[in-house]
1. Helix-derived [θ] at 222 nm for the chain: sum -39500 (n - 2.57) over DSSP H runs of at least 4, divide by residue count, nearest 500?
2. What FRET efficiency, computed as 1/(1 + (r/R0)^6) with R0 = 35 Å and r the Cβ-Cβ distance, is obtained for Arg90 and Val48, rounded to the nearest 0.05?
3. In whole Å, what are the extents of the chain along the principal axes defined by its C-alpha atoms, from largest to smallest?
4. With a cut-off of at most 10 other beta carbons within 10 Å, and DSSP calling the residue loop, which GluC sites (Glu not before Pro) in region 8-92 qualify? Please list them.
5. For region 1-88, which trypsin sites (Lys or Arg not before Pro) pass both filters: DSSP loop (anything but H, G, I, E, B) and at most 14 other C-beta atoms within 10 Å?
Amino acid sequence: MIMLIIKTALVIYGIAMCLALYRMIKGPSLPDRVVAFDTIGVNIMSSVAIMSVIYSTRSYLEAILIIGVLAFISTIATSRFIERGVIFERKRNR
């Protein structure tokens, strides 16, 4: 019974990723696309966690951590680009 619930959760996460991918492609504005990209990152992390439960291993936990850090950094970088037009600020004293 528990495996049925876990596999159903994987299917639901797959559907959620497809919907977020649609929003990322057809989003009316750039911030909507950033939120959709962040949602896809969270859904990937959740799917990897469920796969870790299915395979009864802890080796995927490092992958979840790396995906989370990369999703966070990409969200921050894209938000800075939207706000300021640049990701890194360079101060030139010439």
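Only the coordinates and a few stated rules stand behind these numbers; no lab work does. Quick caveat, the model's predicted, so the values are computed rather than measured. Positions of Cβ are backbone-derived with ideal geometry, glycine not excepted, and every protein chain shown enters the neighbour counts.
1. Details: 3 runs with 75 residues, N = 94.
Using -39500 (n - 2.57) per qualifying helix, the result is -28500 deg cm²/dmol.
2. Step by step, r from the Cβ atoms, then E = 0.45.
3. 67, 32, 11
4. For GluC sites (Glu not before Pro) across region 8-92 that sit outside H, G, I, E and B with at most 10 neighbouring Cβ atoms in 10 Å, the list reads Glu89.
5. Arg58
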